[in-house]
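S.K.: First, the structure itself, so that you have it in front of you.
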Amino acid sequence: MAEKHVNYFALQKACENKGCPICRIIDERIDRYIDGMLFEHISDRTFRAQYREAGGFCSSHAKILLNYRDGLAVAILGQGTLDDYIHDFKKRKMRRYKQLCPACAEQQRIEKEFLTFIAEGHDDATSDQELREFFCKSDGLCVPHYSQLVKILGSKIPKWLSNFQEDKFSSLIERTKRFIDYSAWGKQKEFASLSEEDKVVWKELASILRGQIQ
């Protein structure tokens, strides 16, 4: 049986909820990362310089700052970034930011850590049966995260995992095609025969294509 450490239990907990488990882990850990950054690194000049070199957070992660009560920390970070923009505006020339959004960089690290944990540590030969069972009861990975896994591992993805994911996607595309077909004029009875879930399958499709990352 695979060694059970913090990643195992984090994945197990995420799989008990709706949606892509990696997206859920990312949401929780990025919140903690930004909270820790505001508390621990706001007085760190090196960190603030790196933050400014990235032009601050990307728009998606910048939204998270609105949920924090520590206005002073947000103001200190934002002041330096806005100063840089004002400087560029006056010169009518925008700089090229060299660094990735700090939260995006952390997100990429977490994604790679968990994707490789699922696949490399749990291949078809050594797979932990308990992990396979709870993962296969989940909604599975969204398209962006499964795409990342394919890029990382290619043909080395365990068969149990590729079968599970690609069967999920195939089922979704068939349900989507049926929804489109039954939405045509004159097929009201066929549309009414769809399950409540399939009547809004387009929401599921939009979610799985985008992922649920903040």
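S.K.: Name the residues in the stretch 160-175 that are farther than 17 Å from His145 by Cα and not polar (S, T, N, Q), would you? Talk me through it step by step, then tell me what you get.
M.R.: Step one: list which residues in the stretch 160-175 are farther than 17 Å from His145 by Cα, which gives 171, 173-175.
Across the stretch 160-175, the qualifying residues are Ile173, Glu174, Arg175.
S.K.: Is there a residue in the stretch 164-172 that is polar (S, T, N, Q), modelled with pLDDT of 95 or more and surrounded by fewer than 12 Cβ atoms within 10 Å (Cβ to Cβ)? Spell out the reasoning first.
M.R.: Here is the first cut: in the stretch 164-172, the ones polar (S, T, N, Q) are 165, 170-171.
Of the ones still in play, those that are also modelled with pLDDT of 95 or more are 165, 170-171.
With the extra rule that they be surrounded by fewer than 12 Cβ atoms within 10 Å (Cβ to Cβ), the set shrinks to 170-171.
Yes, some residue in the stretch 164-172 is polar (S, T, N, Q), modelled with pLDDT of 95 or more and surrounded by fewer than 12 Cβ atoms within 10 Å (Cβ to Cβ).
S.K.: Let me ask something else. Can you confirm whether the stretch 64-72 contains a residue that is of a type in the set (Val, Ile, Thr) and within 15 Å of Cys104 (Cβ to Cβ)? Don't jump to the end; show me each part of the working.
M.R.: Our first condition is that a residue be of a type in the set (Val, Ile, Thr); within the stretch 64-72, this holds for 64.
From what is left, the residues that are within 15 Å of Cys104 (Cβ to Cβ) are 64.
Within the stretch 64-72, one or more residues are of a type in the set (Val, Ile, Thr) and within 15 Å of Cys104 (Cβ to Cβ).
Residues are listed down the side, and each one gets a yes or a no for (1) in a helix (DSSP H, G or I); (2) within 16 Å of Ile26 (Cβ to Cβ):
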| site | (1), (2) |
| --- | --- |
| Arg52 | yes, no |
| His61 | yes, yes |
| Gly78 | yes, no |
| Lys90 | yes, no |
| Leu100 | no, yes |
| Leu141 | no, yes |
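S.K.: Write out, first by first residue and then by second, each pair whose Cβ atoms fall under 6 Å of each other, whose residues are 6+ apart or on separate chains, and whose first residue, in the stretch 29-46, is open to solvent by less than 30 Å² (accessible area, probe 1.4 Å) while the second is not in a loop (DSSP other than H, G, I, E, B) and not hydrophobic (A, V, I, L, M, F, W, C).
M.R.: Ile30/Gln107
S.K.: Same structure, new question: If you check Ile118 against the conditions, is it modelled with pLDDT under 90, touching a Ser or Thr at 6+ places or on another chain (Cβ under 8 Å) and either open to solvent by 60 Å² or more (accessible area, probe 1.4 Å) or closer than 25 Å to Leu205 by Cα (or both)? Spell out how you get there, then give the answer.
M.R.: Working: modelled with pLDDT under 90: yes; touching a Ser or Thr at 6+ places or on another chain (Cβ under 8 Å): no; either open to solvent by 60 Å² or more (accessible area, probe 1.4 Å) or closer than 25 Å to Leu205 by Cα (or both): yes.
Taking the combined requirement at face value, the residue does not satisfy it.
S.K.: Got at least one residue in the stretch 1-17 being polar (S, T, N, Q), assigned to a helix (DSSP H, G or I) and either open to solvent by 60 Å² or more (accessible area, probe 1.4 Å) or under 19 Å from Arg210 (Cα atoms) (or both)? Spell out how you get there, then give the answer.
M.R.: If we filter the stretch 1-17 for residues that are polar (S, T, N, Q), which is where we start, we get 7, 12, 17.
Filter once more, so that each one left must be assigned to a helix (DSSP H, G or I): 7, 12.
Narrowing the set further to residues that are either open to solvent by 60 Å² or more (accessible area, probe 1.4 Å) or under 19 Å from Arg210 (Cα atoms) (or both) leaves none.
Scanning the stretch 1-17 turns up no residue that is polar (S, T, N, Q), assigned to a helix (DSSP H, G or I) and either open to solvent by 60 Å² or more (accessible area, probe 1.4 Å) or under 19 Å from Arg210 (Cα atoms) (or both).
S.K.: Could you please find all residues in the stretch 158-177 being part of a helix (DSSP H, G or I) and in contact (Cβ under 8 Å) with a residue 24 or more places away in the chain?
M.R.: First pass over the stretch 158-177, keeping only residues part of a helix (DSSP H, G or I): 159-177.
Matches in the stretch 158-177: Lys159, Trp160, Leu161, Phe164, Gln165, Lys168, Phe169, Leu172, Arg175, Thr176.
S.K.: Pairs needed: first member in the stretch 67-90, loosely packed, with under 14 Cβ neighbours inside 10 Å; second member anywhere, among the polar types (S, T, N, Q) and modelled with pLDDT of 90 or more; C-beta distance under 9 Å; at least 6 residues apart or different chains.
M.R.: Pairs found: none.
S.K.: Here's a follow-up. Which one is farthest from His145 (Cα to Cα) among residues in the stretch 191-214 that are part of a loop (DSSP other than H, G, I, E, B) and without any contact (Cβ under 8 Å) to a residue 12 or more places away in the chain? Don't jump to the end; show me each part of the working.
M.R.: So in the stretch 191-214, the residues part of a loop (DSSP other than H, G, I, E, B) come out as 193-195, 200, 211-214.
Subset that is without any contact (Cβ under 8 Å) to a residue 12 or more places away in the chain: 193, 195, 200.
Working: Ser193: 33, Ser195: 28, Val200: 23 Å.
Selected residue: Ser193.
S.K.: Next question. Find all pairs meeting these conditions: Cβ atoms under 8 angstrom apart; at least six residues apart or on different chains; first residue within the stretch 178-190 and under 12 Å from Val201 (Cβ atoms) and open to solvent by less than 60 Å² (accessible area, probe 1.4 Å); second residue of a type outside the set (Gly, Ala, Ser) and part of a loop (DSSP other than H, G, I, E, B).
M.R.: Phe179/Leu194; Tyr182/Leu194
S.K.: Name the residues in the stretch 47-66 that are in contact (Cβ under 8 Å) with a residue 60 or more places away in the chain and open to solvent by 90 Å² or more (accessible area, probe 1.4 Å), would you? Break it down stepwise before answering.
M.R.: The initial filter retains those residues of the stretch 47-66 that are in contact (Cβ under 8 Å) with a residue 60 or more places away in the chain, namely 60-61, 63-64.
Selection gives Lys63 alone.
The values are calculated or read from the model by the stated rules, or taken from the named source; none is laboratory data. Being a predicted model, the structure only gives us computed values, none of them experimental. Every residue, glycine among them, receives a Cβ derived from its backbone with ideal geometry; neighbour counts consider all protein chains shown. Surface accessibility is based on the protein's heavy atoms, side chains included, excluding ligands, DNA and RNA. Shrake-Rupley method; radii C 1.70, N 1.55, O 1.52, S 1.80 Å.
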